[in-house]
Amino acid sequence: MLKKVILGALLALTTMSANAQFEAGKKYINLSTSSLGLSYSKNDKLRFDLGAQAGVFLANDWMLYAQAVYNHKRLMYESFTRTGRKVYQDEVLLGIGGRYYIEQNGIYLGLGAQYAHHEQTYDNIYVTPEIGYAFFINQYLTIEPSVYYQMSLNDFSDASTVGLKIGIGFTF
């Protein structure tokens, strides 16, 4: 009986501390990557990216964020030029988005829009739905794996990407 009471109290404390992280007015910073083969696109053979997000909880469980991402990738369809060199492409993405956190379990649902400037070829717009999990290390730090689909509005079949993103978040 005593074990059940102690376990119930620990669960209540854990839930209360997790709920406090998603309150209105809290600030959020995240660094993430989907490199090392964690994403797939028909055009990309190799991809390395780093992203940063900064956000604020406008209401309990609802966050609005801005993000910047740098992608470096080797293209699949033009893997070699006439000179025999591999073709690389760099892009910078700027975007905004929102997340809804489910307090009971730490799962979040997100939707974002990004503008991408490709160094050599064209500009693109992406819509990016994602689902992830906020695993709390302590009161402020989270590890956030998520699955996303980066849907290209310019070239849906070739430029869209699906992948796994891993991030480290800080809420204050």
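The values are calculated or read from the model by the stated rules, or taken from the named source; none is laboratory data. Model, not experiment: these values are computed from the prediction. Positions of Cβ are generated from backbone atoms using ideal geometry, with glycine treated the same way; all protein chains shown enter the neighbour counts.
Here is the figure for the range 129-148: residues that are among the hydroxyl-bearing types (S, T, Y) and over 9 Å from the mean Cα position of the chain (by Cα) total 3. State whether the residues of the range 148-165 include one that is of a type in the set (D, E) and at pLDDT below 95. Within the range 148-165, one or more residues are of a type in the set (D, E) and at pLDDT below 95.
Within the range 120-172, if we keep just the residues that are part of a strand (DSSP E or B) and aromatic (F, W, Y), the residue that is nearest to Y100 (Cα to Cα) turns out to be Y133.
Considering only residues in the range 62-76 that are modelled with pLDDT of 95 or more and out of contact with any Leu (no Cβ under 7 Å at 6 or more places or on another chain), the one that is surrounded by the most Cβ atoms within 10 Å (Cβ to Cβ) turns out to be M63. Listed by first and then second residue, the pairs linking a residue in the range 88-101 that is part of a strand (DSSP E or B) to a residue that is hydroxyl-bearing (S, T, Y), with Cβ atoms under 6 Å apart and 6 or more places separating them unless they lie on different chains, are V92/Y70; L94/Y115; G97/Y65; R99/Y108; Y101/Y108.
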